[in-house]
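The values are calculated or read from the model by the stated rules, or taken from the named source; none is laboratory data. Please read all numbers here as calculations on a predicted model, not as lab measurements. Don't worry about glycine lacking a Cβ; one is built from the backbone with ideal geometry, like all the others, and counts go over all protein chains shown.
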Amino acid sequence: MGGKIVGWENSIPLLQYHRQLITMRRWFSVLMGTRLSTHFWDVEEQMTKRFIRKVYNDVKSGDREGRNLEKRIRWTAGAIILRISYGYAVADENDHLINLVAEVVESFSRSMEPGAWTVDLLPFLRCIPSWFPFAEFQRIGKRWKSLVEAAGRIPLDMVKKQIVQGTAPLSFARELLEEQGPQMTAEEESSIKWAAVGVYTGGADTTVAAIYSFFLAMASFPEIQKRAQSELDRVLLGERLPTLQDRQDGTLPYIDALVKEVIRWAPVGPVGVPHALRQEDEYRGWRIPKGSYVIANVWGITRDPTLYPNPDDFQPERFLTHAQGGNCATAGDIPLDPSKIVFGYGKRSCPGQHLAELSIWISIAMTLSV
């Protein structure tokens, strides 16, 4: 459903393993991992401050039940992603591009739900025309595909025009377009388009879901919230808000552990994106034929008591040593970092992982500090 019908077949999660995928992964590694990462710290921090001000004003206006909270979280995540991927500054809450991105991200999530679409199990059904009875999936897919095509074309055309005019702000798309130069092929431009789309499909939804889970956890476990706030007060002395430099310096270990526990306790995707084996394999005595679909049980791994004792409990202390006030005798006893599970694996891991982790961390740290 998500690939052939909706049009996500050229995105990193679904792209066949060949040269184009290798190139796109390299771009993410070089640009998002190092060159652009620290440059956009200020964007992350300023947009998160804006989010906190909006939530504060909502509460002052009488919205103590958080009726606008979901909207604020989604808007902030989308605004950060668009700024980093295309250099686009979102104007207001009804911005046409941020609304388009929100629809596209939702279409990706829904079209990729394992077991939700019969056509994924019976691929011949995609040959059925959209007017055919019971072919609602074709009509839904056609509508979603038009959104996907627009989301890839409109912002990239905007950046190309800005480059010609000499007004393009720094962004992931600008760096790639300038690197390829005016002689780039249609294939190279298509790869750039899908790589840029991958920034917000990979980063926006994961960030939003994790922040939802954070607010749920803090409402459910107020003692955890108090301990996190105590660390922030002790380190920041009430003189400033936390920054991403604090994350890099490791000055807030309990906040680091809290972020890990949020994504473990309520993983963004309880099951992974289905993938087909390129060659026959064996797992615990079970033969898995070439071409078989394999779906990772992310929820099962993050709830495995052999990895995470008392897995249903929300315990940031599981990721801290005794010296840090945690449960582990030494650093070697700290369990597996859940980010290595929830963001996917190997060459199919989430391309927006680094960006999502930054957004989640700064959102949680700043929210707890006010």
Check your understanding: Within region 346-357, is even one residue of a type in the set (A, V, I, L, M, F, W, C), part of a helix (DSSP H, G or I) and within 28 Å of Asp42 (Cα to Cα)?
Key -> yes
**Study point:** Answer from Val105, Val90 - the residue that is among the β-branched types (Val, Ile, Thr) and at pLDDT below 85
**Key:** Val105
Practice item. For region 170-261, please list each of the helices (runs of 4 or more DSSP H) lying entirely inside it that holds at least 2 residues being without any contact (Cβ under 8 Å) to a residue 12 or more places away in the chain. Key: 186-220, 222-236, 244-249
Review point. Within region 121-133, can one find any residue that is of a type in the set (A, V, I, L, M, F, W, C), closer than 18 Å to Val271 by Cα, under 22 Å from the mean Cα position of the chain (by Cα) and not in a loop (DSSP other than H, G, I, E, B)?
Key: no
**Study point:** Residue that is closer than 18 Å to Leu156 by Cβ and of a type in the set (Lys, Arg), where the choices are Lys60, Lys71, Lys145, Lys54
**Key:** Lys145
Point to revise | Residues satisfying the stated conditions in region 61-77, i.e. surrounded by fewer than 17 Cβ atoms within 10 Å (Cβ to Cβ), in a helix (DSSP H, G or I) and basic (Lys, Arg) | key: Lys71
Point to revise | Count of region 213-224 residues which are crowded, with 16+ Cβ neighbours inside 10 Å and either more than 20 Å from Ser359 (Cβ to Cβ) or modelled with pLDDT under 95 (or both) | key: 2
Exercise for review: Answer with yes or no whether Ile5 is surrounded by 19 or more Cβ atoms within 10 Å (Cβ to Cβ) and within 16 Å of the chain's Cα centre (by Cα).
Suggested key: no
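So that you can scan it fast, the table gives a plain yes or no per residue for (1) at pLDDT 90 or above; (2) within 20 Å of the chain's Cα centre (by Cα); (3) crowded, with 20+ Cβ neighbours inside 10 Å:
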position	(1), (2), (3)
Pro155	yes, yes, yes
Met158	yes, no, no
Leu170	yes, no, no
Gln180	no, no, no
Glu189	yes, no, no
Val197	no, yes, yes
Thr201	no, yes, yes
Thr206	no, yes, yes
Review point. Which ones in region 264-294 are touching a residue at least 12 places away in the same chain (Cβ under 8 Å), more than 26 Å from Phe214 (Cβ to Cβ) and surrounded by 12 or more Cβ atoms within 10 Å (Cβ to Cβ)?
Key: Pro274, His275, Leu277, Ser292, Tyr293, Val294
Practice item. Could you identify the single residue in Gly326, Gly332, Gly291 that is more than 30 Å from Arg50 (Cβ to Cβ) and assigned to a helix (DSSP H, G or I)? Key: Gly332
Check your understanding: Of the residues that sit in region 87-105 and are under 16 Å from the mean Cα position of the chain (by Cα) and in contact (Cβ under 8 Å) with a residue 24 or more places away in the chain, which one is surrounded by the most Cβ atoms within 10 Å (Cβ to Cβ)?
Key -> Val101
Point to revise | Conditions (1) of a type outside the set (S, T, N, Q); (2) crowded, with 20+ Cβ neighbours inside 10 Å; (3) at pLDDT 95 or above: number failed by Phe343 | key: (3)
Revision key, fill the gap. Within region 7-27, the count of residues that are modelled with pLDDT under 80 and aromatic (Phe, Trp, Tyr) comes to 1
Point to revise | Index of the failed condition, Leu320 passing every other in (1) surrounded by fewer than 17 Cβ atoms within 10 Å (Cβ to Cβ); (2) within 21 Å of Phe221 (Cα to Cα); (3) in contact with a Gly (Cβ under 7 Å, 6 or more places away or on another chain) | key: (1)
Check your understanding: In region 348-369, is there at least one residue being touching a helix residue (DSSP H, G or I) at 6+ places or on another chain (Cβ under 8 Å), surrounded by fewer than 16 Cβ atoms within 10 Å (Cβ to Cβ) and either charged (D, E, K, R) or at positive phi (or both)?
Key -> no
